[in-house]
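In what follows, a single structure is set out as structure tokens and then discussed.
The values are calculated or read from the model by the stated rules, or taken from the named source; none is laboratory data. Computed from a predicted model, the values in this text were never measured in an experiment. Here the Cβ positions follow ideal geometry from the backbone for every residue, glycine too, while neighbour counts run over all protein chains shown. The accessibility values were calculated without ligands, DNA or RNA, using every heavy atom of the protein model including side chains. Shrake-Rupley method; radii C 1.70, N 1.55, O 1.52, S 1.80 Å.
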Amino acid sequence: MSEQSRRPRRPAKPYRRPQKDPVRILAFEALRAVDERDAYANLVLPPLLRKAREKEGPEKFDGRDAALATELVYGTLRRQGTYDAIIAECVDRPLREVDPPVLDVLSLGVHQLLGTRIPSHAAVSASVELARVVLGDGRAKFVNAVLRKVAQDDLDGWLAKVAPPYDQDPEDHLAVVHSHPRWVVSALWDSLGGGRAGIEELLAADNERPEVTLVARPGRATIEELLGEEAAVPGHWSPYAVRLTEGGEPGAITAVQEGRAGVQDEGSQLVALALANVLVEGPDEKWLDGCAGPGGKAALLAALAAERGAVLLASEKQPHRAGLVEKALHGNPGPYQVIAADGTRPPWRPGSFDRVLMDVPCTGLGALRRRPEARWRRRPEDLDNFGPLQRALLRTAIDSVRVGGVVGYATCSPHLAETRAVVQDVLKQRPDTELVDARPLLPGVPDLGEGPDVQLWPHLHGTDAMYLALIRRTG
């Protein structure tokens, strides 16, 4: 009998059930919904958080757990491009051959390693446990091996390895370092007008977690009421804005629950206020929001209109979104109307309105802080689909306003193909119009450029990158 056969066999390790971590399981489920169903994280996350609180109880799933889950989801989505480049250096196959659920677990692990203060050993072990729960033991070993490679360096070290030098390829360098698709980097750079400092600041701002901003709807809520909330401070620019500096759940605020206040980025508030305050010649009784869904700007406009004895018609093509508008306007202090109608084939007569807002569908590149997954979903060819619709809606808006009235053309995108190009193309065919300088209608807001239109920026104004052009009909 050989020496080896005489040795006692080591007892097999007892099987250990993987430990279920509700925070990381929730984050994984959110990422899968974003990937599989093209869902938006800001819509998926709240119900998942509620479900976790109900299932685990407030003792096992508290506010800190909710904050960590939120950070894991949004942080992973924002830095997806950077993390993909790093993971690609640590796997033995093309990234497209890694199963998407495995890639989601890896990305969550990389974010914990490189984007949070979680200790490396804890980040790796928690990610491996998550992999055991949602992927199985076999693929958990793969996750463990990859994350141990990633843990050998910090974020700056990895960027030095995976990002091409700026001098050799500026756009690709910025795309990897700041986690934006290359075509988006190029488009934003064009909109800014060149210069390295500005584009770096903008891309970095896109990756920062934005504050929650509330709007106190005139005649229904006051700034003072909202400032009574914890960690609430006045907005930067809008007289109706309040910022929640420590996040929190706006749905728990009484005024928000009752519809007297709402969650609304300050850039959106400024667009509505500028249109409401621009001088119109003659009567000022009928206002139109021609692309009103989901209702934030319509609710602010309706409240302002009510103060002046004017009436807002809020029109939205999609019936379910028209329902959201109706909900947002419910309880408005003055009369209003909500209809489901196609803005390119309006049911109202030409020249019916004194003020018209047309916040057109767009790529949403101005809201990448809030919807980070949009940067990976959009393609350059989307501009070809939006362009004709944006022009058609602007033509409708001009037809809908009377002589002496004003149209506000707005987009939540800074892409020149969706902003100035649309306005210039339409106005070339409309000699009965003129541009109005929008800058004086945003008092106190700096860095508004040469006008007459206005482009807001996350890195300059702390808002979404909203665009506004004001157009007066002259004949």
Of (1) at pLDDT 95 or above; (2) buried (at least 21 other Cβ atoms within 10 Å of the Cβ); (3) closer than 24 Å to A367 by Cβ, I253 satisfies all except one. Which? (1)
Flagged in region 275-286 as assigned to a helix (DSSP H, G or I) and either charged (D, E, K, R) or crowded, with 20+ Cβ neighbours inside 10 Å (or both), in numbering order, are L275, A276
Expected output for region 224-247 (first residue without any contact (Cβ under 8 Å) to a residue 24 or more places away in the chain, partner among the small types (G, A, S) and surrounded by fewer than 15 Cβ atoms within 10 Å (Cβ to Cβ), Cβ below 7 Å, 6+ apart or cross-chain) is E246/A231
Which one of E373, E381, E316, E326 is out of contact with any Phe, Trp or Tyr (no Cβ under 7 Å at 6 or more places or on another chain) and either buried (at least 21 other Cβ atoms within 10 Å of the Cβ) or of a type in the set (K, R) (or both)? E316
The number of residues in region 384-407 that are modelled with pLDDT of 95 or more and out of contact with any helix residue (DSSP H, G or I) (no Cβ under 8 Å at 6 or more places or on another chain) is 14
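For (1) among the acidic types (D, E); (2) in contact with a helix residue (DSSP H, G or I) (Cβ under 7 Å, 6 or more places away or on another chain); (3) farther than 25 Å from R369 by Cα; (4) not in a loop (DSSP other than H, G, I, E, B), each residue gets a yes or a no:
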{"position": "E225", "(1), (2), (3), (4)": "yes, yes, yes, yes"}
{"position": "E229", "(1), (2), (3), (4)": "yes, no, no, no"}
{"position": "W237", "(1), (2), (3), (4)": "no, yes, no, no"}
{"position": "V256", "(1), (2), (3), (4)": "no, yes, no, yes"}
{"position": "L270", "(1), (2), (3), (4)": "no, no, no, yes"}
{"position": "L273", "(1), (2), (3), (4)": "no, no, no, yes"}
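Which is at pLDDT 95 or above, open to solvent by 40 Å² or more (accessible area, probe 1.4 Å) and assigned to a helix (DSSP H, G or I), of E36, E29?
That would be E29, the only listed residue that is at pLDDT 95 or above, open to solvent by 40 Å² or more (accessible area, probe 1.4 Å) and assigned to a helix (DSSP H, G or I).
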If we scan region 418-433, do we find a residue that is open to solvent by 10 Å² or more (accessible area, probe 1.4 Å), hydrophobic (A, V, I, L, M, F, W, C), modelled with pLDDT of 95 or more and closer than 23 Å to R378 by Cβ? yes
List, please: which pairs have Cβ atoms under 6 Å, are six or more places apart or on different chains, and start with a residue in region 159-173 that is free of Cβ contacts under 8 Å to residues at least 40 places away in the same chain and end with one that is outside any helix (DSSP H, G or I) and surrounded by 16 or more Cβ atoms within 10 Å (Cβ to Cβ)? H173/A163
Looking at region 335-354 only, could you name the residues that are under 23 Å from A261 (Cβ atoms) and either out of contact with any helix residue (DSSP H, G or I) (no Cβ under 6 Å at 6 or more places or on another chain) or touching a residue at least 60 places away in the same chain (Cβ under 8 Å) (or both)? P335, Q337
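Let's see how each residue does on (1) hydrophobic (A, V, I, L, M, F, W, C); (2) in contact (Cβ under 8 Å) with a residue 12 or more places away in the chain; (3) open to solvent by 60 Å² or more (accessible area, probe 1.4 Å); (4) closer than 28 Å to H173 by Cα:
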{"site": "F61", "(1), (2), (3), (4)": "yes, yes, no, no"}
{"site": "E97", "(1), (2), (3), (4)": "no, no, yes, yes"}
{"site": "A123", "(1), (2), (3), (4)": "yes, yes, no, yes"}
{"site": "N144", "(1), (2), (3), (4)": "no, yes, no, no"}
{"site": "Q152", "(1), (2), (3), (4)": "no, no, yes, yes"}
It is to be established whether one or more residues within region 449-460 are of a type outside the set (G, A, S), farther than 14 Å from S191 by Cα and surrounded by 21 or more Cβ atoms within 10 Å (Cβ to Cβ). no
